[in-house]
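The block underneath contains the structure these notes are about, expressed in structure tokens.
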Amino acid sequence: MRTGCLLIHGWTGAPFEMEPLVEPLRALGCAPRLVTLPGHGTSFDDFRTTWFEDWKRGAEEAYEALSRDVDRVVVMGLSMGGTLALHLATRYPVLGVVSMAAPIHVYTLFPPRMKDWRLPLIPLLQHLRPVWPGAPRRAEAQVIAPWEGYSGATSLPQLCSLMSGARSVGRTLHKVTAPLLVMHCPTDRTSPAENAWTILRGVSSDIRRMELIPIREQVTAHHMLTTHMETRERVQALACGFVRELTSI
């Protein structure tokens, strides 16, 4: 039986962040396929016309296309891509799910964990200032954890859509029954590590594993597990090991 692996990137990102998994999965005999979600890979203006429902639909269409070419599919995603992978597992008979740094929520109040103190105010701020300017990604961070995507500004309506959409996926986690591997950095400042526990507790999978992968440097947000120099090889080994076990059952 031929196994396909759907690789889903994160919010404002690009397939680049999932590329480190392509060759290791291909070496296993799998058929990896990268996804470019709607509004990504073109322009920031295009991105601002898309919403969580569009990103969700893009992931669904990519899954359906891959499933026509293979016998079974493992869905994998980083950040919002992991959230979308979980969503796919609520709708389709996936062979397995790998979620990496996936958010069900992007902040917690108790205890207070958030990358930016304004996050709880986004539903209001999106109407006052839809695009929030920000500093470009630091060159040092780009060396440590390479990334491609939209940077330098944040579109608050789209961020609000992500936050709402991720919560909606959280409410359906009980529908996930496929084997699950959750990876997260305990000090992730973009997607708090509490998300890993939320996912693990919420699903109905008989097989569910969590790998907490530490990062020691103090430059990045500890979020880019697939490309980070401290974690990428570990992520590749865990993902490939998980797929190897699934395909041997």
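For segment 120-249, what proportion of DSSP beta bridges, expressed in % and rounded to the nearest 5, is antiparallel? Before the final figure, lay out the partial values.
Values: 3 of 8 bridges.
DSSP beta bridges in segment 120-249 are roughly 40 percent antiparallel.
Given the choices (1) 26, 23, 15; (2) 30, 21, 19; (3) 27, 19, 18, semi-axes √(5λ) of the Cα gyration tensor in Å derived from the coordinates of this structure is entry (3). For ALA237 and HIS174, the difference between the fully extended length at 0.36 nm per residue and the C-alpha to C-alpha distance is 19.9 nm. Per-residue 3J(HN,Hα) values for segment 129-141, derived from phi via the Karplus relation 6.51 cos²θ - 1.76 cosθ + 1.60 with θ = phi - 60°, read 8, x, 10, 9, x, x, 6, x, 4, 5, 4, 5, 5 Hz in sequence order (x marks Gly and Pro).
Remark on VAL73: its backbone amide H falls under 5 Å from those of GLY4, LEU95, a criterion applied only to residues 5 or more positions apart or on other chains, H modelled at 1.01 Å from N. Rounded to the nearest 0.05, what FRET efficiency do GLN218 and ARG118 give with R0 = 22 Å and r taken as the Cβ-Cβ distance? Could you check? FRET efficiency, GLN218 to ARG118: 0.45.
Taking 0.36 nm per residue of sequence separation and subtracting the Cα-Cα distance, how much length would be gained by fully extending the chain between THR36 and HIS127, in nm to one decimal?
On the way: separation 91, 0.36 × 91 = 32.76 nm, distance 2.82 nm.
In short, 29.9 nm is gained.
Our estimate of slack between SER204 and GLU23, defined as 0.36 nm per intervening residue step minus the Cα-Cα distance, is 62.1 nm. With the biggest extent put first, the Cα atoms of segment 1-95 measure 41, 27, 20 Å across the principal axes. Placing a label point 7 Å from the Cα of GLU194 along the Cα-to-Cβ direction, the residues of segment 95-127 whose backbone N falls under 19 Å of that point are 101-123. Close amide H partners of THR154, meaning residues 5 or more places away or on another chain with modelled amide H under 5 Å apart, are TRP132, GLY134. Does segment 153-249 come out rounded, prolate or oblate, given a ≥ b ≥ c as the square roots of the eigenvalues of its C-alpha gyration tensor, rounded meaning a/c under 1.5 and, failing that, prolate meaning a/b above b/c? Oblate, since a/c reaches 1.5 and b/c is not below a/b. Scalar couplings 3J(HN,Hα) for segment 108-119, obtained by applying the Karplus form with A = 6.51, B = -1.76, C = 1.60 to θ = phi - 60°, are 10, 8, 9, x, x, 9, 7, 5, 9, 5, 7, 3 Hz; x denotes Gly and Pro. Distances between placed amide hydrogens fall under 5 Å for ILE215 paired with THR187, all partners being 5 or more residues away or on another chain.
Coordinate-derived values only; no laboratory data. Quick caveat, the model's predicted, so the values are computed rather than measured. Glycine also receives a Cβ, built like all others from the backbone with ideal geometry; neighbour counts cover every protein chain displayed.
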